[in-house]
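Reviewing the structure listed below.
The values are calculated or read from the model by the stated rules, or taken from the named source; none is laboratory data. The structure displayed is predicted, hence computed values, not measured ones. Every residue, glycine as well, gets a Cβ built from its backbone with ideal geometry; the counts of neighbours run over all protein chains shown.
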There are 2 protein chains.
Amino acid sequence: MPTPEPLRRTRPVMREHLGDVLRLIRRSQGRTLREVSASAEVSLGYLSEIERGQKEASSELLYAICRALGVPLSIVLREVAERIAAYEGVAVPDTVPDNLVASAVVATS
Amino acid sequence: MPTPEPLRRTRPVMREHLGDVLRLIRRSQGRTLREVSASAEVSLGYLSEIERGQKEASSELLYAICRALGVPLSIVLREVAERIAAYEGVAVPDTVPDNLVASAVVATS
């Protein structure tokens, strides 16, 4: 039997993209969860859950994490927006749009 | 005595910008809080608090509101990022940066 495909996401989950971006920035700086959590005054466990997209960060906490990372909040949000845009943009429609079908008919006739 | 200036914000609060953007989109569509809250399956009061920046929206709720508004989440986040960038960009530094001082010295010498 073939391996079943992983479940397809039906929607972009912002906190997961946000967590990915925050972790990427932290790792790119060679910093540990411990260092950044201490600087942002958030528990190590909570920061870890945010990075894994398991907890929502309040606006204040998100700001504190960005400050601890030394990166503007707007840069982080832009990156999150781009990742979600890529997700939204590559969504494959379930059916072939009518205008594409019409083009194909014209092309082969 | 002069009227005291309003307190200056010391940081951008994401949920306030997010609320402003969501309200702007809803109003631009001529839709009421009642209509959008029903479509997003969120209480009218909660949606109102989100629009006023008084409550954080979870990732799932934010997605539901965007869907109810018929606007991609990425578009909303980009607009929020731009607003925060404008805020962060207009922050006046406490001191004149060294390179600007050097330029001024060159220009006047």
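Please find, among A:L77, A:L18, A:L24, A:L62, the residue that is among the aliphatic types (A, V, I, L, M), farther than 27 Å from B:I50 by Cα, modelled with pLDDT of 95 or more and within 17 Å of the chain's Cα centre (by Cα). After ruling out the rest, the residue left standing is A:L24. In region B:81-102 there is no residue that is at pLDDT 85 or above, over 19 Å from B:H17 (Cβ atoms) and either within 12 Å of chain A (Cβ to nearest Cβ) or out of contact with any strand residue (DSSP E or B) (no Cβ under 7 Å at 6 or more places or on another chain) (or both). Counting only helices (runs of 4 or more DSSP H) that sit wholly inside region B:43-91, not one has at least 3 residues that are touching a residue at least 60 places away in the same chain (Cβ under 8 Å) and surrounded by fewer than 17 Cβ atoms within 10 Å (Cβ to Cβ). Scanning region B:21-32 for residues that are surrounded by fewer than 16 Cβ atoms within 10 Å (Cβ to Cβ) and either within 14 Å of chain A (Cβ to nearest Cβ) or assigned to a helix (DSSP H, G or I) (or both) yields B:L24, B:R27, B:S28. Being in contact with a Leu (Cβ under 9 Å, 6 or more places away or on another chain) and among the acidic types (D, E) is the filter here, so list the residues in region A:60-81 that pass it. Result: A:E79, single match.
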